[in-house]
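Peer 1: The structure under discussion is supplied below as structure tokens; questions concerning it will follow.
A short reminder: the numbers here are calculations on the coordinates, not readings from a lab. Please read these numbers as outputs of a predicted model, since none were measured by experiment. Methodologically, a virtual Cβ is constructed for each residue, glycine included, from the backbone with ideal geometry; neighbour enumeration extends over all protein chains shown.
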Amino acid sequence: MVFMAIVIPIAMQGLSLANRAGVAAVRKTVATQLADRLLNELTFSNQWNSSSLNGALDEPWTGYRWQLWRDYWTENALRLITVEVFYPVQNQEHSVRISTLVPEVTL
């Protein structure tokens with residue numbers, strides 16, 4: 001009986017940890033795919049230069065939000081564009097970032 005009192009809580013904690021790791025992995029994969037999609041859309045349409053710099057995603061990605069940064073690159077007339085997607089895992093916010101270089105656009 002004492003053995004069961006020790007083993008069951010440890011086993012339950014292990015299952016909880018495994019579940020959290022699985023949820024985090026799935027959400028990180030989704031966030032990476034969303035960041036890639038957003039970066040491609042903003043880059044190829046040149047919206048990175050004039051679009052809003054953040055937003056929240058709609059169904060089925062409720063809880064995911066994104067932010068865009070534009071920085072100057074050290075060489076040539078290039079800009080560093082970074083999209084960061086934030087996602088929740090058990091009441092904690094995590095994020096992934098994807099970046100690319102684009103030519104400077106003069107309006």
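Peer 1: Express the relative contact order of the range 45-93 as a whole percentage, based on alpha carbon pairs under 8 Å and six or more residues apart in sequence.
Peer 2: Rounded, it is 28 percent for the range 45-93.
Peer 1: Build a GNM of the chain with springs between Cα atoms under 10 Å: which of TYR87, TYR72, TYR64 gets the top mean-square fluctuation?
Peer 2: Of the options given, TYR72 has the highest mean-square fluctuation.
Peer 1: What value, in deg cm²/dmol to 500, does the helix sum -39500 (n - 2.57) over DSSP H runs of n ≥ 4 give at 222 nm once divided by the residues of the chain?
Peer 2: -15000 deg cm²/dmol
Peer 1: What residue among ASN46, ASN91, ASN54 has the largest mean-square fluctuation in a Gaussian network model of the chain, using Cα springs under 10 Å?
Peer 2: ASN91
Peer 1: Let me ask something additional. Cα axis of helix 2-44 to longest principal axis of the chain: angle in degrees, 0 to 90, nearest 10?
Peer 2: Tilt relative to the chain: about 10 degrees.
Peer 1: Connecting C-alpha atoms closer than 10 Å in a GNM of the chain, tell me which of LEU17, LEU42, LEU78 has the biggest fluctuation.
Peer 2: Of LEU17, LEU42, LEU78, the most mobile in the Gaussian network model is LEU17.
Peer 1: Turning to a different aspect of this structure: By how many nm would the segment from MET12 to ASN46 grow when fully extended, if each residue of separation counts as 0.36 nm and the alpha-carbon distance is taken off?
Peer 2: Value of the extension gain: 7.2 nm.
Peer 1: Remind me, relative contact order of the chain in percent, using alpha carbon pairs under 8 angstrom and six or more residues apart?
Peer 2: Reported as a whole number, the value is 25 percent.
Peer 1: Just from the alpha-carbon atoms, what are the Rg and Dmax of the chain in angstroms?
Peer 2: Calculated on Cα positions, Rg and Dmax stand at 20.0, 76 Å.
Peer 1: Net charge near TRP61, counting Lys/Arg +1 and Asp/Glu -1 over other residues with Cβ under 15 Å of its Cβ?
Peer 2: So the surrounding residues net to -2.
Peer 1: To continue, here is another question. For the chain, the longest stretch holding no GluC sites (Glu not before Pro) located in a DSSP loop with at most 12 other Cβ atoms within 10 Å is which?
Peer 2: Counting at most 12 other Cβ atoms within 10 Å as exposed, the longest clean stretch of the chain is 1-74.
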